[in-house]
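Q: Have a look at the structure that comes next, please.
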Amino acid sequence: MASTTSASRKRIAAGEKNGAKFIFITGGVLSSLGKGITSASLAMLLKSRGLRVTIQKFDPYINVDPGTMSPFQHGEVYVTDDGAETDLDLGHYERFLNQSMTQKNNTTTGQVYYEVITKERRGDYLGKTVQVVPHITDEISRRMTALGESGEYDVILIEIGGTVGDIESLPFLESVRQLDLKLGRGNTLHIHLTYVPYINAAGELKTKPTQHSVKALLEIGIQPDILVCRSEHRLLKDIREKIALFCNVQGDSVIEGRDAETIYEVPLIYAQQKLDDLVLRKLGVEAQEADLKMWKRFVRRIKKPTHGKVRIALCGKYTQYQDAYKSIIESFIHAGAANNVTVELKWIDSENLETVAAVRRALKGIDGMLVAPGFGSRGVEGKIRAIRYVRENKIPFFGICLGMQCAVIEFARNVCGLTDANSTEFVRTEQNVIDLMPDQKEVKDMGGTMRLGSYPCIVENGTKTWKAYRDRFINERHRHRYEVNNAFRDQLAAHGMKFSGLSPNGRLVEIIELPDHPWFIGGQFHPELKSRLVAPHPLFKAFVNAAITYRDRNEGGETVSTKKSKKAKGKKK
Ligand code: GLN
């Protein structure tokens with residue numbers, strides 16, 4: 001990244017202990033206002049001004065991490081390079097900042113208590129009564145300042161999960177209040193994200209919820225410096241002045257956060273209102289001008305692509321709750337921008353694919369199909385049926401983790417004639433082509449025990465996978481317990497499946513492809529976790545490109561043949 005101007009570096013280093021400035025971001029009025037996007041957008045603007053920036057998320061729930069939560073509860077679990085299972089907001093941070101996060105970027109109440117209770121059992125508190133204040137709040141503060149003390153960052157943004165007024169996030173806010181005093185004014189800044197609703201009957205924007213939310217923050221001892229007001233309408237000057245007056249902030253410190261066409265436009269909307277200037281002025285930091293040219297080009301392509309659209313079927317079992325596939329959706333936006341097309345996703349619930357006819361109906365008019373990651377047997381037979389259809393009809397296919405495993409099962413059953421082929425995750429047979437990894441066999445605890453985080457992979461020269469990466473040595477992030485069973489590798493290969501990516505010792509199959517198909521690739525890892533707007537993932541980019549070729553060849557995307565499956569068992573698990 002661009003380096004900080006020496007003036008700003010000096011300015012930051014001067015007169016303070018740990019060298020970093022802290023921006024705390026809280027949310028008020030209601031949830032789902034997009035605190036994660038606001039934090040990521042501001043961080044991206046500050047980074048584009050040459051500052052070294054990172055973001056930390058503090059989540060109020062008691063789970064140690066979201067790894068054991070259902071995607072219906074919490075959306076996608078975002079895995080970092082160092083193998084932490086984290087909140088999906090970390091995905092936004094990486095996608096906007098084009099920078100990798102670590103386990104230090106996400107703290108939960110569960111982790112804080114776990115640490116304090118472990119110390120208590122060890123006797124570290126020497127007979128003292130262990131309390132929320134100061135023991136829990138001290139542990140929170142320690143985590144909030146740890147990255148700042150590393151000397152690697154000029155500015156740390158800290159996003160507090162939940163909504164001000166919740167019981168659960170109170171200890172976090174108490175730590176923030178204490179840090180204000182400890183770090184000294186000028187080293188911290190408070191941004192509060194609120195909602196300004198428009199009441200149709202009155203024909204007016206209402207500021208009262210914002211006033212109440214700020215009052216709740218003040219009761220905790222935190223005075224916001226900047227208010228970002230989410231609204232579906234423009235916040236004209238008189239409304240902004242009214243909010244400033246009642247909430248005790250300066251007139252220029254009420255920022256309009258109106259809805260954007262794409263989340264990637266949000267930094268540009270804030271830049272227009274000079275939010276970054278305001279923040280730097282309040283923190284007393286000087287920095288170079290932002291260079292947003294590349295970002296603007298990608299946003300233009302998202303909004304107005306020149307090559308029309310392609311339709312990709314996204315086949316999974318959490319399709320009613322799209323946060324479960326957040327990174328996949330975003331990866332398609334990046335890959336679409338890179339190919340100058342809009343990727344229109346057609347959501348397909350694999351549980352509904354009970355017959356070949358249902359598959360054909362569901363996949364009508366698509367230019368490619370992605371089979372999503374997942375756990376458990378529900379919907380798996382539908383996925384396998386859909387994979388057979390796209391394999392036989394030469395429709396571009398991309399399988400991720402479970403999606404790749406299903407592709408191997410399908411190929412084993414319908415091409416190699418291993419009719420009982422299955423994964424040990426679903427049923428034990430003589431033909432478990434997908435099996436538990438040896439180091440998973442003794443695992444009893446479910447939390448944090450999968451194959452997690454970044455692993456190297458060697459790509460075979462000349463394969464379609466290689467054409468996508470243009471690199472033999474890659475690293476990808478994993479989150480799974482099962483893998484291709486090496487006992488079946490020879491049979492699969494003899495029938496035409498290529499293992500185009502292997503672990504360096506050759507023991508683990510990381511990528512499969514079918515050379516006699518226009519584009520049929522499956523990865524045991526999660527490429528969606530490494531795609532960023534300005535650096536789209538090579539496999540997503542190549543897959544979307546293959547979908548464009550398919551579309552152009554088939555004029556409107558009708559499938560070439562509708563050959564019937566002889567093996568449609570229609571069994572539902
Ligand atoms: N359930 C499969 C496994 O554990 C796939 C996991 C995934 O798709 N992330 O291996």
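Q: What is the distance in Å between the Cα centres of the stretch 200-221 and the stretch 394-434?
A: The stretch 200-221 and the stretch 394-434 have Cα centres separated by 55 Å.
Q: Would you compute, for the Cα atoms of the stretch 472-515, the largest minus smallest coordinate along each principal axis and list the three values in descending order, in whole Å?
A: Ordered largest first, the stretch 472-515 gives principal extents of 29, 24, 17 Å.
Q: Rounded to the nearest 0.05, what FRET efficiency do Trp347 and Leu218 give with R0 = 51 Å and r taken as the Cβ-Cβ distance? Could you check?
A: According to the calculation, E is roughly 0.70.
Q: Which residues in the stretch 113-141 have a backbone N closer than 20 Å to a point placed 7 Å from the Cα of Leu170 along the Cα-to-Cβ line?
A: Those under the cut-off are 113-114, 116-117, 129-141.
Q: Right, here's the next one. Modelled label-to-label distance, Asp445 and Thr355, 7 Å Cα→beta-carbon offset: nm?
A: It is 4.9 nm.
Q: In the stretch 47-196, what % of DSSP beta bridges are antiparallel (nearest 5)?
A: 20 percent
Q: Continuing with the same structure: Positive end of the dipole of the chain, charges at C-beta (+1 Lys, Arg; -1 Asp, Glu), about the Cα centre: which of Ala407, Ala546, Ala43 has its Cα farthest in that direction?
A: Ala546
Q: Taking the Cα centre of the stretch 274-358 as origin, sum charge times position over the Cβ atoms of Lys and Arg (+1) and Asp and Glu (-1), and report the length of that vector in debye to the nearest 20.
A: Approximately 480 debye in magnitude.
Q: Okay, moving on. Can you quote the Å³ per residue value for the convex hull of the Cα atoms in the stretch 243-366, rounded to an integer?
A: Enclosed volume per residue, from the Cα hull, is 143 Å³.
Q: Now for a separate question. With unit charges on the beta carbons (Lys and Arg positive, Asp and Glu negative) and the dipole taken about the Cα centre of the chain, which residue among Leu189, Pro71, Gly374 sits farthest to the positive side?
A: Gly374
Q: From the square roots a ≥ b ≥ c of the eigenvalues of the alpha-carbon gyration tensor of the stretch 358-485, which class results: rounded (a/c under 1.5), prolate (a/b over b/c), or oblate?
A: oblate
Q: Take every DSSP beta bridge whose two residues both sit in the chain, then give the antiparallel share in percent to the nearest 5.
A: Antiparallel: roughly 30 percent of the beta bridges in the chain.
Q: Please report the relative contact order for the stretch 167-255, taking Cα pairs under 8 Å with a sequence separation of at least 6, and give it as a percent rounded to a whole number.
A: Relative contact order of the stretch 167-255: 28 percent.
Q: Estimate the FRET efficiency between Glu120 and Ala146 by the formula 1/(1 + (r/R0)^6), using the beta-carbon distance for r and 35 Å for R0, to the nearest 0.05.
A: 0.95
Q: Determine the gain in length on full extension of the stretch Asp471-Asp238; use 0.36 nm per residue of separation and subtract their C-alpha separation, reporting nm with one decimal.
A: My answer for the length gained is 78.3 nm.
Q: Under a point-charge model restricted to the Cβ atoms of Lys and Arg (+1) and Asp and Glu (-1), what is the dipole moment magnitude of the chain relative to its Cα centre, in debye to the nearest 20?
A: Roughly 1480 debye for the chain.
Q: To the nearest 20 debye, what charge dipole does the stretch 44-89 have about its Cα centre, counting +1 at the Cβ of each Lys and Arg and -1 at the Cβ of each Asp and Glu?
A: In total the dipole reaches around 420 debye.
Q: What is the sum of charges around Glu76, taking Lys and Arg as +1, Asp and Glu as -1, for the other residues whose C-beta is under 11 Å from the C-beta of Glu76?
A: Neighbour charge sum, excluding Glu76 itself: -4.
Q: On the principal axes of its Cα set, how long, how wide and how thick is the stretch 422-470? Give whole Å, largest value first.
A: 40, 29, 14
Q: A follow-up question, please. For the Cα atoms of the chain, what angle does the longest principal axis make with the long axis of helix 380-392, in degrees from 0 to 90, nearest 10?
A: For 380-392 against the chain, the angle is about 60 degrees.
Q: Taking the simple approach of a point 7 Å from Cα along Cα-to-Cβ for both Val427 and Phe246, what is their distance in nm?
A: For Val427 paired with Phe246, the spin-label model returns 6.3 nm.
Q: How much length is gained on full extension from Thr419 to Ala202, taking 0.36 nm per residue of separation minus their Cα-Cα distance?
A: Extending this stretch completely gives an extra 71.5 nm.
Q: Still on this structure: Roughly speaking, what is the centre-to-centre gap between the stretch 65-121 and the stretch 488-558 when only Cα atoms are used, to the nearest Å?
A: 29 Å
Q: Test of understanding: what is the full-extension gain from His307 to Met437, defined as 0.36 nm times their sequence separation minus their Cα-Cα distance?
A: Here the segment from His307 to Met437 would lengthen by 42.5 nm.
Q: For the stretch 74-195, what is the relative contact order in percent, using Cα pairs closer than 8 Å and at least 6 residues apart in sequence?
A: In percent, rounded to a whole number, it is 15.
Q: Give me the percent of the accessible area of the chain that comes from carbon and sulfur atoms, probe 1.4 Å, all protein chains in place.
A: The nonpolar share, carbon plus sulfur, comes to 50 percent.
Q: In a shell of Cβ-Cβ distance under 12 Å around Ile220, excluding Ile220 itself, what net charge do Lys and Arg (+1) and Asp and Glu (-1) give?
A: Cβ neighbours under 12 Å give a net charge of -2.
Q: Let me ask something else. Treating the angle as unsigned and between 0 and 90°, give the value, to the nearest 10°, between the Cα long axis of helix 208-220 and the longest Cα principal axis of the chain.
A: In the chain, helix 208-220 runs at an angle near 70 degrees to the longest axis.
Q: Among all stretches of the chain without exposed GluC sites (Glu not before Pro) (DSSP loop, at most 13 other Cβ atoms within 10 Å), which one is longest?
A: 1-151
Q: After finding the eigenvalues of the alpha carbon gyration tensor for the chain, what semi-axes result from the square roots of 5 times each, listed largest first in whole Å?
A: Taking √(5λ) for each eigenvalue gives 45, 28, 22 Å, largest first.
Q: Express in whole angstrom the spacing between the alpha-carbon centres of the stretch 437-472 and the stretch 244-290.
A: 41 Å
Q: Could you tell me which of the pairs Lys57/Lys274; Lys394/Lys498; Lys309/Lys364; Lys317/Lys541; Lys35/Lys206; Lys35/Lys346 are separated by over 26 angstrom between their Cα atoms in the structure shown?
A: Lys35/Lys346
Q: At 222 nm, what value in deg cm²/dmol follows for the chain if DSSP H runs of at least 4 each add -39500 (n - 2.57) and the sum is divided by all its residues, to the nearest 500?
A: -10500 deg cm²/dmol
Q: What angle do you read, to the nearest 10 degrees and between 0 and 90, between the alpha-carbon axis of helix 170-183 and the longest principal axis of the chain?
A: Value to nearest ten degrees: 60.
Q: Please compute the modelled spin-label separation between Arg258 and Glu289, points set 7 Å along Cα→Cβ, answer in nm with one decimal.
A: Those two pseudo-labels are separated by 2.6 nm.
Q: Then there's this: With both partners inside the stretch 404-538, how many of the DSSP beta bridges are antiparallel, as a percent to the nearest 5?
A: Beta bridges within the stretch 404-538, antiparallel portion: roughly 90 percent.
Q: Within the stretch 345-431, which trypsin sites (Lys or Arg not before Pro) sit in a loop by DSSP and count at most 14 neighbouring Cβ atoms inside 10 Å?
A: Lys364, Arg378, Arg428
Q: Return a whole-number percent for the relative contact order of the chain, with Cα pairs under 8 Å and 6 or more residues apart as the contact set.
A: 15 percent
The values are calculated or read from the model by the stated rules, or taken from the named source; none is laboratory data. Quick caveat, the model's predicted, so the values are computed rather than measured. Reconstructed Cβ throughout: ideal geometry from the backbone, glycine too, with neighbour counts over all protein chains shown. Note: accessible area is taken over every heavy atom of the protein model, side chains too, but ligands, DNA and RNA are not part of it. Shrake-Rupley method; radii C 1.70, N 1.55, O 1.52, S 1.80 Å.
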